1. Can you report the number of residues in segment 20-59 which are among the charged types (D, E, K, R), under 14 Å from the mean Cα position of the chain (by Cα), over 18 Å from P74 (Cβ atoms) and at pLDDT 95 or above?
2. What number of residues within segment 38-54 satisfy the criterion of being loosely packed, with under 14 Cβ neighbours inside 10 Å and touching a strand residue (DSSP E or B) at 6+ places or on another chain (Cβ under 8 Å)?
3. Which residue, of R97, R5, R85, R105, is in contact with a Leu (Cβ under 9 Å, 6 or more places away or on another chain), modelled with pLDDT under 95 and either in a strand (DSSP E or B) or charged (D, E, K, R) (or both)?
4. Right, Y26: part of a strand (DSSP E or B) and loosely packed, with under 15 Cβ neighbours inside 10 Å or not?
5. Filter segment 84-109 down to the residues that are free of Cβ contacts under 8 Å to residues at least 40 places away in the same chain and basic (K, R) and list them by number.
6. Go through segment 29-43 and give me each residue that's more than 24 Å from F99 (Cβ to Cβ) and either in a strand (DSSP E or B) or touching a residue at least 24 places away in the same chain (Cβ under 8 Å) (or both).
Amino acid sequence: MSRCRKAGGDWFGVRCVFRDANNGTYEERITLWRASEVSEAVAMAESEAVDYVKALDGVSYVRLAQAFSIDGEPGHGVEVFSLIRDSDLEASDYISRFFDTGSERQEDI
């Protein structure tokens, strides 16, 4: 199916991963980019990632970028990133392994 290109390109959410060697943490950042194709969005996100770590002592970009093409314009409730992973794990084990390992810096809501 062919997609109609909008003036200025499509919107993409790009997730980049960073490591802080000072305290052994990883950060996942999702940034929003308008580009004519996914490779352009990734290139812009990676360029920004390099700039981002310049101001942070001990933080490096680990060279992982994953992109998601956003359907339409950004706005309330618009999905900006999605990653589908094959797994035989039960739901609670999947969450514990990939998202709620106990090492995250997060607050209960």
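1. Within segment 20-59, the first condition is being among the charged types (D, E, K, R), and the residues that meet it are 20, 27-29, 34, 37, 40, 46, 48, 51, 54, 57.
Keeping just the survivors that are under 14 Å from the mean Cα position of the chain (by Cα) gives 27-29, 46, 48.
Applying the additional criterion that residues be over 18 Å from P74 (Cβ atoms) yields 27-28, 46.
Within this subset, residues satisfying the condition of being at pLDDT 95 or above are 46.
Number satisfying all stated conditions: 1.
2. Of all residues in segment 38-54, those loosely packed, with under 14 Cβ neighbours inside 10 Å come to 39, 47, 50-51, 54.
Next cut, touching a strand residue (DSSP E or B) at 6+ places or on another chain (Cβ under 8 Å) only: 50.
So the answer is 1.
3. Numbers: R5 fails: in contact with a Leu (Cβ under 9 Å, 6 or more places away or on another chain); R85 fails: in contact with a Leu (Cβ under 9 Å, 6 or more places away or on another chain); R105 fails: in contact with a Leu (Cβ under 9 Å, 6 or more places away or on another chain).
On inspection, the qualifying residue turns out to be R97.
4. Details: part of a strand (DSSP E or B): yes; loosely packed, with under 15 Cβ neighbours inside 10 Å: yes.
Judged against the criteria, Y26 is a match.
5. The first filter runs over segment 84-109 and keeps only residues free of Cβ contacts under 8 Å to residues at least 40 places away in the same chain, leaving 84-104, 106-109.
Passing the criteria: R85, R97.
6. As a first pass, look at segment 29-43 and keep what is more than 24 Å from F99 (Cβ to Cβ): 33-41, 43.
Listed by number, the residues that qualify are W33, R34, A35, S36, E37, V38, E40, A41.
The values are calculated or read from the model by the stated rules, or taken from the named source; none is laboratory data. Everything numeric in this text was worked out from a predicted model, so none of it was measured. Note that we place each Cβ from the backbone using ideal geometry, even for glycine, and neighbour counts take in every protein chain shown.
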